Amino acid sequence: MASDKKINTRQRMINLMYLVFIAMLALNIPTEVLDGFDLVNENIQRTIENTSERNKQMYGELDNSYRNNPEKSGVWYNRAQEIKTKTDSLYNLIQSLKIEIAQKTDGKKADVNNLKSKDNLDAAAEVMLAPMKGKGKILKNKIDSYRNTITSLINDQQKINIINTELSTEPTPRAKSENKDWLAGSFESMPSVAVLTYLSELQSNIKQAEGEALNSLLKNIDVSDFRVNELNAFVIPESKIVMRGMSYKANVVLAAIDTTQRPKVIVNNKEIANGLLEIAANTLGNQHVKGHLEMLSPDGSIRQIPFAQDYTVIEPMATVAPLLMDVVYAGIDNELSISVPGVATQDVSVNATGGSLVRKGNNWIVRPTGGIGTKLTVSVSARVNGVQRIMANKEFRIRKLPDPSAFIAYTDDKGVAKSFKQGGLSRSVLLNAKGIQASIDDGILNIPFSVLSFRTVMVDAMGNAMQEMSSGGSFSERQLEQIRRMDRGKLFFISGIKVKGPDGIERDIAPMEIRLK
């Protein structure tokens, strides 16, 4: 007001005339320009109708997918409902603002699509920018929130950039040059028809953004829906080896394949030709194989589908056993080979009744504890498909060890160990051997016995039999002296041989006949 006092009446009149002139220029908008906004608005309304119809079809597809498979489509269906709620809320808010601006322009009976006072410069500012009741900030906040929600559901960065531009609330370069924000640049001193057209464009952009989000949701549902042109049924058994008393179990599955697109099969970082996996079975026991399939997804990306499988490698085997040989021997470790075809060794358990049983490498050692003539039972069980099952119960007769044979151990001229049982033997070998030994050595059993005593019987020149006893397995001094005095070619006998085996049983065994060389 202080400055007004310095302005004279003439200057005030000039200023007032200038303002009136500026206002007249502002109001002097060509009618053709204003009518052009109506034409643009009509085109925008047709675009909105077409976009809304397309979006309606996508909502229908989402509804059908949810009804057919709610578990698969549930997440995307719920997000679609959220999009619809937010889209309708923002769209309806803009529509209410258009009606309010139209009524500010032409009165309560205004037609939002056919304004009479198209060049009104105050209505939009009153509705949107009024200090207390202006609704511009509400609109801006809702547009920002909606834009962020929609772009979070889209993976295509190019589409995200378009939506960010079309729903931007940043001031235009023109508004920035005038130090205006988005609200002032969009609604201050703007003809009502231009503002209504701009708000219709916002509605159209909102519908376009809604469509992009729905399209992205449909792609998420279809991401694992590879198109197929052939259906096959497959039977996948838990095992192709089924033992008597067990059940054959298998999954019967429907496999859908695309004969026009074969997946790549990668195992141990190598591609397998024609999907045929072949691995040399060189290592016994449980084995593991893993890899992945590579398929081209409908969206053009490569999808990897992992797989893993366990299998068991066992020795080739056949069982051949004579029926009369189901025996074990008392007092010794009897070695048994026990296996269950199709089951790994570590999954086989064995127990014995009438004896003790321990594992030795890949075999088992059983030692009978029952008496001669009784029976020992071996029970075999195995873990198959996670269940422990009895596979066999085998009975063995407990037998006494067979009698061993006596022999004289010596080393020949070449340093090779030899065993003498019958026939001719030189005097030097006899004297160096210093005694006899006994064992079972029939190619099946190899069991040493302790020699308790034996008798040598020699015939002199008069035909008299001279006997000498030993205690233990060594020749006595008298026996050695008799050997030294014998003539070559003479026979003598080692008889009365008493031995004791690992079973603790003492027994007499067959004599030896020796001719002195």
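Read-outs throughout are calculated quantities, based only on the coordinates presented, and are distinct from any laboratory measurement. Values in this document were obtained by computation on a predicted structure and should not be read as measured data. Heads up, the Cβs are rebuilt from the backbone with ideal geometry, glycines too, and the neighbour counts pull from every protein chain shown.
List the trypsin sites (Lys or Arg not before Pro) in segment 420-511 that DSSP assigns to loop (not H, G, I, E or B) and whose Cβ has at most 15 other Cβ atoms within 10 Å. Which are they? Intermediate values should be presented prior to the final figure.
On the way: sites: Lys421, Arg427, Lys434, Arg455, Arg478, Arg484, Arg485, Arg488, Lys490, Lys498, Lys500, Arg507; in loops: Lys421, Lys434, Arg488, Lys490.
Of the trypsin sites (Lys or Arg not before Pro), the ones in loops of segment 420-511 whose Cβ has at most 15 other Cβ atoms within 10 Å are Lys421, Lys434, Arg488, Lys490.
Once both labels are modelled 7 Å past Cα along the beta-carbon direction, what's the Glu42-Asn432 spacing in nm?
13.1 nm
What is the gain in length, in nm to one decimal, between Lys109 and Lys180 on full extension, counting 0.36 nm per residue of separation less the C-alpha to C-alpha distance? Don't skip to the answer; put the middle values down first.
On the way: separation 71, 0.36 × 71 = 25.56 nm, distance 3.28 nm.
Answer, rounded to one decimal: 22.3 nm.
I want the local charge near Ser349. Using Cβ-Cβ distances under 12 Å, sum +1 for each Lys or Arg and -1 for each Asp or Glu among the other residues. Before the final figure, lay out the partial values.
Details: positive: Arg359, Arg383, Arg389; negative: Asp347.
Result for the local shell: +2.
Out of every Cα-Cα pair in segment 405-516, what percent are more than 22 Å apart?
Roughly 31 percent, rounded to a whole number.
Based on a Kirkwood Rh over C-alpha pairs, give the Stokes-Einstein translational diffusion coefficient of segment 359-399 at 20 °C and viscosity 1.002 mPa s in µm²/s.
Details: Rh = 12.1 Å.
Calculated translational D: 178 µm²/s.
Please list, by residue number, everything in segment 84-113 whose backbone N is under 16 Å from a paramagnetic label point 7 Å out along Cα→Cβ of Asn220.
84-87
Farthest toward the dipole's positive end in segment 379-517, which of Ala392, Pro448, Ile509, given Cβ charges of +1 (Lys, Arg) and -1 (Asp, Glu) about the Cα centre?
Ala392
If R₀ is 41 angstrom, what is the calculated FRET efficiency for the pair Gln422 and Asp333, using the beta carbon separation as r and rounding to 0.05? Numbers along the way, then the final one.
On the way: r = 30 Å, r/R0 = 0.73.
So, using R0 = 41 Å, E works out to roughly 0.85.
D for segment 323-399, whole µm²/s, Stokes-Einstein with Kirkwood Rh over alpha-carbon pairs at 25 °C and 0.890 mPa s: what number?
Answer, rounded: 190 µm²/s.
Subtracting the Cα-Cα distance from 0.36 nm times the residue separation, let me have the gained length for Asp63 to Ser168 in nm, one decimal.
On the way: separation 105, 0.36 × 105 = 37.80 nm, distance 3.10 nm.
Gain on stretching Asp63 to Ser168: 34.7 nm.
Grab the beta carbon distance between Arg488 and Asp442, set R0 = 41 Å, and tell me the FRET efficiency rounded to 0.05. List each step's numbers first, then the result.
On the way: r = 32 Å, r/R0 = 0.79.
E(calc), rounded to 0.05, equals 0.80.
Could you give the nm distance between label points at Arg383 and Thr353, where each point is 7 Å from its Cα heading toward the beta carbon?
Rounded to a tenth, the inter-label distance reads 2.5 nm.
Between Ala461 and Asn286, what is the label-to-label distance in nm when each label sits 7 Å out along the Cα-to-Cβ direction?
Calculated label separation equals 8.3 nm.
Net charge near Leu276: determine it from the other residues with C-beta under 15 Å of the C-beta of Leu276, scoring Lys and Arg +1 and Asp and Glu -1. Spell out each step's value before the answer.
Values: positive: Arg262, Lys264, Lys270; negative: Glu271, Glu278.
Local charge sum for Leu276: +1.
How much length is gained if the chain between Asn251 and Phe307 is pulled fully straight, taking 0.36 nm per residue apart and subtracting their Cα-Cα distance, in nm to one decimal? Kindly include the intermediate steps, with their values, before the conclusion.
Values: separation 56, 0.36 × 56 = 20.16 nm, distance 1.65 nm.
My answer for the length gained is 18.5 nm.
Can you check what the net charge comes to around Thr377, using other residues whose Cβ is under 15 Å from the Cβ of Thr377 (Lys, Arg +1; Asp, Glu -1)? Please list the in-between numbers first.
Values: positive: Arg367, Lys375, Lys394, Arg397; negative: Asp326, Glu395.
Here the charged neighbours net out to +2.
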